[in-house]
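First up is the structure itself, then whatever we jot down about it.
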Amino acid sequence: MAEYKKEKQKWTIGALVSNESGVLTRISGLFARRGYNIESLSVCTTEDPAISRMTIVLIGDEYTLYQMIKQMDKLDDVKKIGCADELDCVYRELLLIKVPATAEVRREIVEIKEIYKAKVVDLSIDTMILELTGIPSKIDAFLKVIEPFGVLEMQRTGVTVLARGTHTLKDRDCYGDNI
């Protein structure tokens, strides 16, 4: 039996799945039955309308990762699956956040927005909606800085990821290089 590292960390699983009703339920059910939480989930149709790309962030040890990929790969709906390598991939996430923005604090919020390269997508007399795209750690850092102004509402998309260069999930071996 293989030896696995026991420390928990974030793992990003990429999967190409059938673009059909019920696929998300079957995959999320696998995680639920085993008591694993999905930290982040992003799903969208690909360049092929019959296929969707699913990006799942899981927290666990190597054994947990291996088991979830192995179980997902058994599903007929899963066409390709792999673990994203942080050094060989581009990760992005989108944040929309609404903050109180009265005239007294608006300038400070705009200065913070400039540092993080966020965009103002809506402005009213007393609120501002900002949009920020970047790696999850950039989103987290922005939230820490903007939090003291108050957060009225926010939505994060979850991580999306693509391999650098000519590599695609379609041409990867089933489990990728990390497993």
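No lab work stands behind these numbers, since they all come straight from the coordinates. Since this is a predicted model, take the numbers as computed values, not measurements. As a convention, Cβ positions derive from the backbone with ideal geometry for all residues, glycine included, and neighbour counts pool all protein chains shown.
Which shape class applies to segment 45-117: rounded if a/c is under 1.5, otherwise prolate when a/b exceeds b/c and oblate if not, where a ≥ b ≥ c are the square roots of the Cα gyration tensor eigenvalues? Prolate, since a/c reaches 1.5 and a/b exceeds b/c. Could you tell me the relative contact order of the chain? Use alpha-carbon pairs under 8 Å, at least six residues apart, and round to a whole percent. 27 percent. Mind sorting out which of (1) 199; (2) 149; (3) 106 is the real volume of the Cα convex hull per residue in Å³ computed from the coordinates? Matching the structure shown: (2). Projecting the Cα atoms of 103, 71, 60 onto the charge dipole of segment 40-119, computed from C-beta unit charges around the Cα centre, puts 103 farthest toward the positive end.
Computed from phi, the 3J(HN,Hα) profile of segment 5-14 under the Karplus parametrisation 6.51, -1.76, 1.60 (θ = phi - 60°) reads 6, 8, 6, 7, 7, 7, 10, 10, 9, x Hz, with x in place of Gly and Pro.
Once you order the gyration tensor axes a ≥ b ≥ c over the Cα atoms, which shape class does segment 78-168 get: rounded for a/c under 1.5, otherwise prolate or oblate by comparing a/b with b/c? It is prolate, given that a/c is not under 1.5 and a/b is the larger ratio. Proximity of backbone amide H atoms, modeled 1.01 Å from N, is registered between residue 152 and 98, 99 at under 5 Å, excluding neighbours fewer than 5 places apart on the same chain. Charged neighbours of residue 30, selected by a Cβ distance under 12 Å, balance to +3 (K, R count +1; D, E count -1).
A full extension of the chain between residue 153 and residue 67 corresponds to an added length of 27.4 nm, given 0.36 nm per residue minus the alpha carbon distance. Amide H to amide H distances under 5 Å link residue 61 with 9, where only residues 5 or more positions off or on other chains count and H is placed in the peptide plane. For residue 88 and residue 127, the difference between the fully extended length at 0.36 nm per residue and the C-alpha to C-alpha distance is 10.1 nm.
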